[in-house]
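Here is the structure we will look at, set down as structure tokens.
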Amino acid sequence: MAVQPSSGQQYGPGITRIAVTGFKSLATKTDVEIRPLTVLAGANSSGKSSLMQPLLLMKQTFDIERIPPGPFWLKGEQIEYDTADQFLSSIPSQAGTTKRLTIELEAENNWAELSFEKKQNSDLPQDNPEIWMRSSMPPSLEVVETASRDSLDGTVWRLNCDSSQETLEHLYDSVVARQERIGGMFSGARLVAYPDRCFLGVGTAYHQDAIVPTFHRPEVNLLRHKIQEMIHVSGLRGSDERYFNLHGIPLGSTFPGKFEQYVPSILEAWKDATKFGNGLHDLYELSNALKHLELASGVETRKLNESKIEVLIPRTLHGDPKDLVNIADVGLAVSQMLPVLVALIRAHPNQLVHIEQPELHLHPRAQWRLAQLLVDAANRGVRLVIETHSSLLLSGILTQVAKDKIPNDKVVLHWFERDPQTGLSTVKSAEPDPMGRVGEWPEDFGDVELRSTNDYLDAVESKLFAGKQ
């Protein structure tokens, strides 16, 4: 894919930092920097996915129109849980106490911290008859505080259920744009801290118990938008289906639900230059990417009716491009990679794209070549978070740094390790130098391959030595 100059300013700042406390093995604060090319590596179950899953919970909560029963919509298309206890950190020494979850997000100077609690019955005040009567009911997760920092003057705003009327009024008055839009129609109303999905906002008590509407600081709304427009390409992607449902394509950059479901429809829409001015160029870039990975010479779609679409692939890599077969009749790698490649091309500068194991089903040579496509997207301004187990992909990225294809300060590597005794995860971070070196990197990847080669040579040597005797 060709490198184009970044135009990220027109899309606003991208997410530059994520911190999570209290989610699965991330019981203590795990704080990571997000750069245009961010690599999450580590052994299986080391905590890589636990960093991004809170954001996926938030995204599917914002995507759905129905109001969730708590701060998160737990069973969605991105991720599924039955209860918050399945993801809240469990530490044996703290059994029976309130479980807490904290999510911090930063986009340059815009910062927000979201705090949630799930109280145990023993933590509920017994001197309040109403609460005591409810103590036999299972407690639920609640949002207890939303904090944010003004991107202009650095003022930190904190909103919780104990916030005074003075604090609520001060925050309410600070939201100038909304105040002007509603024309002060709620002036003089009693203010309350009111939950709005994943956030606490300032609500106006209107007509007894009704809370209309709920106000948020601008930096909170910006970060909500950044999460909602995140593109997530799951490790469980691709399909052996022959025909796909036809979807309408959002005018903006937000794709509710699973991104891979939109891919055939995006390809069809790109053919219409009247709807997507860069659509034909994007198809050209996609064909080049498929050729670069030696998967196919291109891709085409055929609309079957008002609701179904077919994806077609040239039967040979260098033969007749019009000799097409259904995507279900070619190797699984093509259907695995299409969502990845379309996400890299479709994303705008500063948009967060989270890809799990982009190397799945790829030949080692294609894994190595994939690094160049990731670097091209990062140079265009897309913010990539890549979870990988591929030493070839990581080596390919570092090679791109050494070749000056991407500045080293645009790349960051985060290595997750999980303590076998406590089950808690820690993260070690490294920035490659201009030569693509990362200094003291945890033993794995290349060391495992080297050990495997040595074991094989030792086995061959032992067999040859035994044969001589």
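Any read-out appearing in this document is the output of simple, stated calculations on the displayed coordinates, not a laboratory observation. What you see is a predicted model, and the numbers here were worked out from it, not measured in a lab. Here the Cβ positions follow ideal geometry from the backbone for every residue, glycine too, while neighbour counts run over all protein chains shown.
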Item to check | Placed amide H near LEU88: partners under 5 Å, 5+ positions off or other chain | outcome: LYS24
Item to check | Cα Rg over Rh - segment 304-423, Kirkwood | outcome: 1.05
Checklist outcome for this item: Within segment 328-448, the percent of DSSP beta bridges that are antiparallel, given to the nearest 5, stands at 55
Next on the checklist: Give me ARG346, ARG418, ARG190 sorted ascending by neighbouring Cβ count inside 10 Å, so fewest comes first.
Outcome noted: ARG190, ARG418, ARG346
Checklist outcome for this item: Placing +1 on each Lys and Arg Cβ and -1 on each Asp and Glu Cβ in segment 238-347, then taking the dipole about the Cα centre, the residue among LEU338, ALA269, PRO321 whose Cα reaches farthest towards the positive end is ALA269
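Cross-link list LYS29/LYS258; LYS258/LYS308; LYS24/LYS119; LYS75/LYS99: which exceed 26 angstrom alpha carbon to alpha carbon? Spell out each step's value before the answer.
Working: LYS29/LYS258 29 Å; LYS258/LYS308 17 Å; LYS24/LYS119 17 Å; LYS75/LYS99 20 Å.
Those over the limit are LYS29/LYS258.
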Checklist entry - In sequence order, what are the phi-derived ³J(HN,Hα) couplings for segment 450-465 according to the Karplus relation 6.51 cos²θ - 1.76 cosθ + 1.60 with θ = phi - 60°, rounded to whole Hz, with x for glycine and proline? => result 5, 5, 4, 5, 5, 4, 5, 5, 4, 5, 5, 4, 5, 5, 5, 5
Checklist outcome for this item: The residues ARG224, ARG158, sorted from fewest to most surrounding Cβ atoms within 10 Å, come out as ARG158, ARG224
Next on the checklist: Could you check the spin-label model distance between GLU449 and PHE465? Points 7 Å from the Cα along Cα→Cβ, value in nm.
Outcome noted: 2.8
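To the nearest 20 Debye, how big is the dipole of segment 238-347 about its Cα centre, given +1 on the beta carbon of each Lys and Arg and -1 on that of each Asp and Glu? Mind showing how you got there, number by number?
Working: 11 positive and 14 negative charges, 38 e Å.
Approximately 180 debye in magnitude.
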Checklist entry - So for the chain, what are the equivalent ellipsoid semi-axes in whole Å, largest first, each being the square root of 5 times an eigenvalue of the Cα gyration tensor? => result 43, 30, 22
Item to check | segment 299-337 and segment 356-406: distance between their alpha carbon centers, rounded to Å | outcome: 25
Checklist entry - For segment 381-390, what does the Karplus curve 6.51 cos²θ - 1.76 cosθ + 1.60, with θ = phi - 60°, yield as ³J(HN,Hα) per residue in whole Hz, taken in order and with x for Gly and Pro? => result x, 5, 9, 9, 10, 10, 9, 8, 10, 9
Checklist entry - Roughly how many debye, to the nearest 20, is the charge dipole of the chain about its Cα centre, given +1 on each Lys and Arg Cβ, -1 on each Asp and Glu Cβ, and no other charges? => result 780
Checklist entry - Taking N as the number of residues in segment 355-469, what is its alpha-carbon radius of gyration divided by 2.2 N^0.38 Å? => result 1.33
Checklist outcome for this item: With -39,500 (n - 2.57) per DSSP H segment of 4 or more residues and division by the full residue count of the chain, the 222 nm estimate, nearest 500 deg cm²/dmol, is -9000 deg cm²/dmol
Checklist entry - Using the count of nearby Cβ atoms within 10 Å as a rough guide to exposure, how do LEU191, LEU246 rank from fewest to most? => result LEU246, LEU191
Checklist outcome for this item: Checked segment 195-315 against the a/c 1.5 cut and the a/b vs b/c comparison, axes a ≥ b ≥ c from its Cα gyration tensor; verdict prolate
